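Contents: one structure, followed by commentary.
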Amino acid sequence: NSIVKKTYGSRVSSQANAAAKQLLETMERKKSNLCVSIDVTNKSDLLAVAEAVGPDVCLVKTHIDIVEDFDMDLVEKLTALSKEHDFMIFEDRKFADIGNTVSLQYSAGVHKIASWSHITNAHLVPGPGIISGLAKAGEPLGRGLLLLAEMSSAGALTKGDYTKACVQAAKDDKSGFVCGFIAMSRVDEADGPCEKDLLVLTPGVGLDVKGDALGQQYRTPDQVVRQSGCDIIIVGRGIYGVLMTEEGKADKVTAMNKVREQGSRYKKAGWDAYLARIDD
Ligand code: S5P
């Protein structure tokens, strides 16, 4: 009865959280456990990548504060693409302050994240008040929160008792606002089966390289989904990386075709790993 043996579709009905429910439905419908992380610094590239990989992904992850020409028109266009191509939106904001502050950061300011992002994430460093603060803004809108229980970067301090505390906080959350984790492994089942059905989303995924110059560490979709039991692969530069090269900058049309190709390559690798996991 381990969660790793269940199909995504069969987990829909056990979700207390509307965003998690919609995400699992989308994964099953599109046969995709791929989240693309579009870490580019201008609107047009962000929208072009979302358009190119939209049909292949269940989720688009943003770092909205790196977009130099950000305005609400970007949000409107991204939302329209999410409807057209049937994907959800995850602003990777990594909140990390006291409840009152994060509540404001989430709902107000330039970005008004809660108004458009189905899912966001937070560190548990400040304690469970961060969950209540974010829930105040996000729950009425049916949003979901992921806790960063483990990170992919070398030397990360997210381990041991800290990871356990994140899992406990998710289990203790009565509201259902916490719907899962950013983690490298099936943290919710580290000490046996978990009563709550939580999602594990995993960054640090690449098929061609092992890491970058700044501490990122990559594993393959098979290592992440089949061997480690995680639910969703998050892929950034493995998909849009060509846009950062000189050739990519010179010839956007060819580069976008490459982005599309990488998107379907990672979609297939993620889904094959999932099929192998439920069959194993
Ligand atoms: O532990 C983490 C958590 C996150 S959310 N490690 C990560 O890399 N991320 C994010 O995933 C990171 O901020 C970036 O947006 C993405 C990975 O990008 P890539 O280009 O290395 O695939």
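The values are calculated or read from the model by the stated rules, or taken from the named source; none is laboratory data. Just so it is clear, the model here is predicted, and its values are computed rather than measured. A quick note on method: Cβ atoms are made from the backbone with ideal geometry, for glycine too, and the neighbour counts reach across all protein chains shown. To get the accessible areas, we keep the full protein, side chains included, count just its heavy atoms, and leave off ligands, DNA and RNA. Shrake-Rupley method; radii C 1.70, N 1.55, O 1.52, S 1.80 Å.
Here are the numbers for the structure shown:
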quantity	calculated
Answer from A165, A108, A80, A135 - the residue that is away from the ligand (no atom under 14 Å from the Cβ), closer than 22 Å to V57 by Cβ and of a type in the set (G, A, S)	A80
Residue that is nearest to D197 (Cα to Cα), among those in the stretch 229-270 that are hydroxyl-bearing (S, T, Y) and open to solvent by less than 30 Å² (accessible area, probe 1.4 Å)	Y266
Checklist (1) within 16 Å of the ligand (Cβ to nearest atom); (2) open to solvent by 10 Å² or more (accessible area, probe 1.4 Å); (3) within 25 Å of L145 (Cβ to Cβ); (4) not in a helix (DSSP H, G or I) applied to D65, failing item	(4)
Residue list for the stretch 175-195, filter: assigned to a loop (DSSP other than H, G, I, E, B) and among the small types (G, A, S)	S175, G176, A183, S185, A190, G192
Cross-chain or 6+ apart pairs with Cβ under 6 Å, the stretch 235-246 first and touching a residue at least 12 places away in the same chain (Cβ under 8 Å), then open to solvent by 40 Å² or more (accessible area, probe 1.4 Å) and within 8 Å of the ligand (Cβ to nearest atom)	G236/D39
Pick from the stretch 168-189, criterion open to solvent by 30 Å² or more (accessible area, probe 1.4 Å) and closer than 27 Å to E139 by Cβ, ranking: farthest from the ligand (Cβ to nearest atom)	K174
Tally of residues being under 23 Å from Q262 (Cβ atoms) and open to solvent by less than 60 Å² (accessible area, probe 1.4 Å) across the stretch 75-96	11
The stretch 220-267, subset within 20 Å of the chain's Cα centre (by Cα), aliphatic (A, V, I, L, M) and assigned to a helix (DSSP H, G or I), residue farthest from the ligand (Cβ to nearest atom)	V225
Residue in the stretch 48-59 that is at positive phi, open to solvent by less than 50 Å² (accessible area, probe 1.4 Å) and part of a loop (DSSP other than H, G, I, E, B) present	no
Pick from the stretch 196-219, criterion assigned to a loop (DSSP other than H, G, I, E, B) and surrounded by 16 or more Cβ atoms within 10 Å (Cβ to Cβ), ranking: farthest from the chain's Cα centre (by Cα)	K196
